[in-house]
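Scroll down for the structure; my scribbles are underneath it.
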Amino acid sequence: LSSAGFASRPLSAPRFLALGIALLSLTANEAPAGGKTVISIRPGPRSITPEERSLAQDPSRGAEHGFILLDETERDESVGVDSSLTYHLRAKIFSSQARKLADLEVPYNRDEGVLKKWWAWTLLPDGGVLELKREDLKEQEVMRSGGFKIAVLKGSLPGVVPGCIIDYGYSLTYRGYLSTQRVEIQQSFPILDFRYRWIPWEGRAATYHVAHATGLGVNTVRDQRSVLVTGKDLPAILEEPWMPPADEVGASATLYYRATADKPEEFWKLESKRLLRRADAFAKKQSIEQALTSMKISEQTELPARLKAAYDWLSKNVRNRSLLMNEEAEAEDEDDKKEATRRTAKEVLEQKEGEGRELDFLFYGVARALGAEANLVLTTDRTDHYFDPVLLTVGQSDWTLVAVRGPGEPLDKATYVDLGSGLPYGDIPWWVSGAQGFLAEPAGYQMVMLDPSEARRNVSEAHAKIVFDPQDGTAKISWSMDGLGQQGLSERRAWRTLNPADRQKRLDEYCGATGDLEISRAEAPGLQDLQAGFHVDCDGTLLEAHFRSDLGQYSFRWDGAWIESVPELTSTSRRESVVFNFPRIDHTSIEVVAPPGFVPTALPKVAPIESPFGRYNLFLTVTPEGCQVERLFALTALAVPAKDYEPLRRFLAEVHQADATPLVFQKAAGRP
Amino acid sequence: VISTGRLLHPALRALLCCATLPSTAIAASLPDWAAATAETAPEVPPGPPNTPSRVLYSEVRTAVQTDGTLRIRRRFALQALSVETDTVSTGWYPFGDTTKVTAVRAWHLPPHERAKKSRSIPVDVAVGDAFLSGSKVRLLEVEGVKKGSLVFYEFEAIEKPYFLSLSHLFYEGAPVDRARFELETPPGWSVRSVWLRHPGPDPRVAGTLRSWELRGLSAPEEERLAPDAADEAPLLGINLSPPPEIRVAPATFSDWSSVSRWYSDLSRGRADVTPAVETAVRQAISSLGTSPAEILLSAGTMVRDRVRYVAVELGLAGFRPRPAGETLAKLYGDCKDKGTLLQAALAAEGISSYPVLINLGGAKTVPQDPPVWGFNHFIVAAAVPPGQNLPDRFTSAQMTDPDLGRLVLIDPTSDTTSIGSLPAALAGQTGLVAAGMRGKLITLPAGNPSDHQLQRHLVGRLGDDGDLHMVRESRFTGELAAEVRSEENRSSRDRREAVEGAILHRWPDAVVEDYSIQPETSDGWFAEKLSFRHGYSSASGDASDSGVELFPGAADAFERVPLGRRKGAVDYGFPQLVRYETMLEGVPQDAALPESESLQGNGWSIKTYYSREGTSLKASWEVQLSRRRFEATEFAELRKFWSSLSASAGWRVPLSQ
């Protein structure tokens, strides 16, 4: 059994790490090898202990519905053919929500094992004990196909009331072993005592990895053939807005077998070589050189300019099949799809299209041919999970990038690109930035941090015009939005995949369609061009403007869908880091034509708002036609640790408050 | 340069080959029914489709055997309209533990190729929300499906039903060109059919075979504030009876009374009072009292709160409740277990009651005649002793039946509904009172706005600190209370944060100073109290020179959706009443106030009231929505309602210290 210890090279420390983004995987405190792992799983006491009786609800800690007093498991796969699972749970129930803990499901298939031990009882607050007997369990077939079936035993503990303790456990055998198990050490209930022992089959290389356990009472003990993970007083996982993905909050352990017994260092070196071998086989020299000839890139220019020129040429001339418009995909016949799997750069260039990874391999080859040092980088969609180098599987990666730099330049000078993403040279999609990537090198690898793009590269520009109609009290609104960099990238990619009817619905929603705002035009004219950036045009009628000519004064809120939404953090406390999508700047310009016969009152001066997380400016000016609103919002932080939550919350609240500044019009002098 | 090899690409060769084959030859290996469908299959329209597939033909044929066993055959033909073929490449057949699936077949006819029979192995998967049930679906996958493919599925099964009542829903979740239900009975059998929700054709009869067919069923569309498309789809109900001299294993229902008798026989003795039940009820009522209302409340609350919902639907246990004593001992059960325990508890205190079988969810599934089983839920109708008046909290769940007298309907399964309220999903539904020979259909009260209320009381004043100090007390009843209780039950922390978040959304500088709730007041309401303050002189939207909004958030009480492109009805689910009362201190004498007004339209009304005493202002705003649904032809009325909401709720007044 190998531990999760990992001796990779030191990581570079990008600036935003100082903000505390918890993107590095963490191993638990590890006791020296040879420690005792043996645990004895047996039924708990058949009475409520004084300590258990004194436990009370605490919603702020997530202990509203109940406590798990003890959660212990032993999974013994040492024989390899027949394995055993022993499990025990003891919990205190406070509310009806926690009573679901008393609906038991045992992963037992009688065709493949034996249920050797079973106990389950409810300890009532008055001292009574109710039992769920083994013969009361019912088998439920979850799935059956041919001669294979998955079944569970189910039963409900009787008499469960608030204040009771439930205690149940079992020991069973099953055939074979589980190749990978993810064990949630923290759960939606607080856990007072957690123990998980794994004895893997000696016939295969086995590895364990404990993540997100720093600062918790989680401990790992191992010996030559087993590992024991324990935890004490583990708080419940709480849902919070803008928190890291579910897989990256809460302590967990991954227990798995590997194909080889390589040490982590060797494992990743081998994966690195495999990746580069595939890329080299794909990007053959001759076809790359032919492509470069077509690009007609001046050799006189500097390497960065040549790389950019090649990137731009390929973006323009090679279609990314992974991001086809719905119309393109639907227009293809089966032959097109069969040909979609290309083996070489030559085929991609001939057919002028390739899948996402093929384009990455292509640019990798082109960059090297141009004289750059190029590396392939494996990474993940960080809204789902982070790349974890301690988890020895390449399957965790779902994204490929290319890092390019001048010959001999250090890695921190590298530019990361994602050909075919629709982003300009030097930008990578926001969901892979701000996290670790695995950079393959001929003789090894490095873990690198993928910097998020700077706010100034992600600019939205919105222009809106609002004109009131005194006849029916409505207001006509026309607005357009342009986005650079990451702005609108997710929307563009999502809209492209939709059929025209569904796309129109999404566009209407984006333009702000509600019962109050009827959208008459919602268009994204450049959507078919992946490189064209983000652009949307909207026209609509605000039905509830409620302007009437007989009013003496009229107040109007100018915010709406034409302003990119500002994150809203209202809770006064925070446990996890706040992780935004990407740093950004939003510039909004709104022309509000005064209602006929009305003029703006003196408009307030709104003080600029400055913070470590961004800034905000609002300028309201009187114009000959009415008012002009100029709004600038910059969100420069990507990840903010929980300790800095309160100033972040205040900053965003102040922005929301400023956005609520109304425009007030009054009847023009001399008007009836 | 295109190489020769590329010209002879296999797909191209196949295309050339198929171009010489007549369509009959392509479909030669298909069974007749599938070949006939393939012959007439329309072309796949060019361009992106609005739905990924369509059903060219859907058929269920049920052959009733002389012993009451059903031989069922389901056939359907799907056409892939898109390159996304997931909805086409898997066929499915739902079945329960009274059914044995005997055959599964599928054929794939790719465009311009020969048909192939699927060799995939079927997979059975457990489905449903029940903790333990025999509900499964048999799946069969077809490989290689692509745009333009026709896929034909055929399932055969034998069912041994508990009773001879059939329902067939004409709904596939996709547009359907032709849908048919066929019924074959032995000679001499009685077949009575009825269409629910939509009128439908009479059956075509050929000997002992009857068939009902619908064409051109449109694609369902998911929209906010809209009923589920399946709940609106045509439903055919069929009642079967053998000739009098023939005895069959399944029960047969000549009328609703016979359904009642069947259920009463099935559940006989299950609601018997045991000493444990007596003791439990005594304990429950000890804190309240022994009037009928107090007994209803105590017993109903006991069953609702103490017995956790665990559905075990295996075999006949899906219909027959467990004995009340057993449910009490185990403290878990499903709707019929909980309802039966409630009956026993009421009986222990001398109150008689009846099971009511009903359909939960709002869809119409139960015809007046003939009797067709359309129930999925069990509630209790408690008989109110003559001469007894019940408190107001019971008003919405009361009804009077000419035969059964005054009844109070109690759903002890809904753990967020106060005893005395009727869940909105049951309002207006047709249910069967299972009372032996006296059993009959009843229609539950449809409900009115006062059954589902939000009452909000705000008191505001300017403090010495210059801030506006507000105390907001909200009281919810009916379905509105059930919604907030559900949130509260899931997580009181999340509920509190959601409420505080809404305050901060409206007034970003607000500070919430106190928050408390009472999940169920003595009159069955959910009460919530909130104290907060926010800057008045700062430039917030509400606290501008324009003054303080009198009814903050009131105009948002009714969700709105875009109507411009909408074709389906807007359905609020239940009638409701929303009332705001605001008291403000410090309103200048010269501040203008609007006139009190009364607005009304078709199914709604709005009343406002303002009065001033010195610098104190009292204002109220009350909306009653007595209808739940606006059809597309009534959107002008809906817009008028929304517009009136905003216009009447938007008034502001200035404040001074």
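The values are calculated or read from the model by the stated rules, or taken from the named source; none is laboratory data. Keep in mind that what you see is a predicted model, and the values were worked out from it rather than measured. We place every Cβ from the backbone using ideal geometry, glycine too, and count neighbours over all the protein chains shown.
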Here the residues within segment B:95-153 that are under 31 Å from the mean Cα position of the chain (by Cα), more than 10 Å from every other protein chain (Cβ to nearest Cβ), among the charged types (D, E, K, R) and closer than 21 Å to residue B:62 by Cβ are B:97, B:100
Here are the criteria: (1) among the small types (Gly, Ala, Ser); (2) without any contact (Cβ under 8 Å) to a residue 40 or more places away in the chain; (3) away from chain B (no Cβ under 14 Å). Tell me which single one residue A:331 does not satisfy. (3)
Among residues of segment B:417-460, those that are outside any loop (DSSP other than H, G, I, E, B), touching a helix residue (DSSP H, G or I) at 6+ places or on another chain (Cβ under 9 Å) and either at pLDDT 95 or above or within 28 Å of residue B:552 (Cα to Cα) (or both), counted: 11
Please identify the pairs in which a residue from segment A:120-145 that is more than 10 Å from chain B (Cβ to nearest Cβ) has its Cβ atom under 6 Å from the Cβ atom of a residue that is surrounded by fewer than 17 Cβ atoms within 10 Å (Cβ to Cβ) and among the hydrophobic types (A, V, I, L, M, F, W, C), counting only partners at least 6 apart or on another chain. A:121/A:129; A:123/A:129
Do you know which of the residues in segment B:288-310 that are of a type in the set (Val, Ile, Thr) and within 14 Å of chain A (Cβ to nearest Cβ) is surrounded by the most Cβ atoms within 10 Å (Cβ to Cβ)? B:303
Single residue of segment B:58-112 satisfying the filter (farther than 30 Å from residue A:501 by Cβ and of a type in the set (Asp, Glu)) that is modelled with the highest pLDDT: B:67
Restricted to segment B:489-522, and to residues that are part of a loop (DSSP other than H, G, I, E, B) and modelled with pLDDT under 95, which residue is nearest to the other protein chains (Cβ to nearest Cβ)? B:508
Residue check: is residue B:344 within 14 Å of chain A (Cβ to nearest Cβ) and over 24 Å from residue B:445 (Cβ atoms)? no
What's the total number of residues in segment A:159-171 that are surrounded by 22 or more Cβ atoms within 10 Å (Cβ to Cβ) and either at the interface with another protein chain (Cβ under 10 Å from one of its Cβ atoms) or not in a strand (DSSP E or B) (or both)? 3
Among (1) in contact with a helix residue (DSSP H, G or I) (Cβ under 7 Å, 6 or more places away or on another chain); (2) under 15 Å from residue B:431 (Cα atoms), residue B:349 falls short only on (2)
Any chance residue A:532 is modelled with pLDDT under 95 and under 30 Å from residue A:453 (Cβ atoms): yes
Pairs needed: first member in segment B:577-606, within 14 Å of residue B:650 (Cα to Cα); second member anywhere, assigned to a loop (DSSP other than H, G, I, E, B) and aromatic (Phe, Trp, Tyr); C-beta distance under 7 Å; at least 6 residues apart or different chains. B:580/B:551; B:582/B:551; B:594/B:651
Residue satisfying all of: in segment B:461-488; modelled with pLDDT of 95 or more, surrounded by fewer than 18 Cβ atoms within 10 Å (Cβ to Cβ) and of a type outside the set (Asp, Glu); farthest from the chain's Cα centre (by Cα) among these: B:471
Going through (1) part of a helix (DSSP H, G or I); (2) among the basic types (Lys, Arg); (3) more than 14 Å from chain A (Cβ to nearest Cβ) one by one, residue B:338 fails only at (3)
Which residue is nearest to residue B:415 (Cα to Cα), if the candidates are limited to segment B:264-318 and must be assigned to a loop (DSSP other than H, G, I, E, B) and of a type in the set (Gly, Ala, Ser)? B:311
If I filter segment B:413-427 for residues that are within 14 Å of chain A (Cβ to nearest Cβ), touching a strand residue (DSSP E or B) at 6+ places or on another chain (Cβ under 7 Å), crowded, with 21+ Cβ neighbours inside 10 Å and under 26 Å from residue B:519 (Cα atoms), do I get at least one hit? yes
Picked from segment A:88-109 (must be among the small types (Gly, Ala, Ser) and modelled with pLDDT of 95 or more), the residue nearest to residue A:59 (Cα to Cα) is A:91
Going through segment A:514-524 in order, the residues found to be at pLDDT 95 or above and either more than 29 Å from residue B:558 (Cβ to Cβ) or in a loop (DSSP other than H, G, I, E, B) (or both) are A:523, A:524
Of everything in segment A:33-54 that's in a loop (DSSP other than H, G, I, E, B) and of a type in the set (Gly, Ala, Ser), which residue is modelled with the lowest pLDDT? A:33
Only listed residue being in contact (Cβ under 8 Å) with a residue 40 or more places away in the chain, over 33 Å from the mean Cα position of the chain (by Cα), away from chain B (no Cβ under 14 Å) and surrounded by 16 or more Cβ atoms within 10 Å (Cβ to Cβ), chosen from A:108, A:87: A:108
Looking only at segment B:572-603, which residues are buried (at least 19 other Cβ atoms within 10 Å of the Cβ) and either within 24 Å of residue B:363 (Cβ to Cβ) or within 14 Å of chain A (Cβ to nearest Cβ) (or both)? B:574, B:575, B:576
Given the conditions (1) β-branched (Val, Ile, Thr); (2) farther than 30 Å from residue B:397 by Cα; (3) within 13 Å of chain A (Cβ to nearest Cβ), which single one is not true for residue B:471? (3)
Residue list for segment B:635-657, filter: part of a loop (DSSP other than H, G, I, E, B) and closer than 16 Å to residue A:547 by Cβ: B:650, B:651
Tell me, which strands (runs of 3 or more DSSP E) wholly within segment B:82-126 include 2 or more residues that are touching a residue at least 24 places away in the same chain (Cβ under 8 Å) and not aromatic (Phe, Trp, Tyr)? B:90-95, B:99-109
Being among the small types (Gly, Ala, Ser), closer than 30 Å to residue A:308 by Cβ and either within 14 Å of chain B (Cβ to nearest Cβ) or surrounded by fewer than 18 Cβ atoms within 10 Å (Cβ to Cβ) (or both), is that true of even one residue in segment A:438-447? yes
Quick one: which of A:187, A:224 is more than 14 Å from every other protein chain (Cβ to nearest Cβ), over 19 Å from residue A:258 (Cα atoms) and in a loop (DSSP other than H, G, I, E, B)? A:187
Being in contact (Cβ under 8 Å) with a residue 60 or more places away in the chain, surrounded by fewer than 22 Cβ atoms within 10 Å (Cβ to Cβ), out of contact with any helix residue (DSSP H, G or I) (no Cβ under 7 Å at 6 or more places or on another chain) and more than 9 Å from every other protein chain (Cβ to nearest Cβ) is the filter here; which residues of segment B:311-334 pass it? B:311, B:313, B:315, B:316, B:318
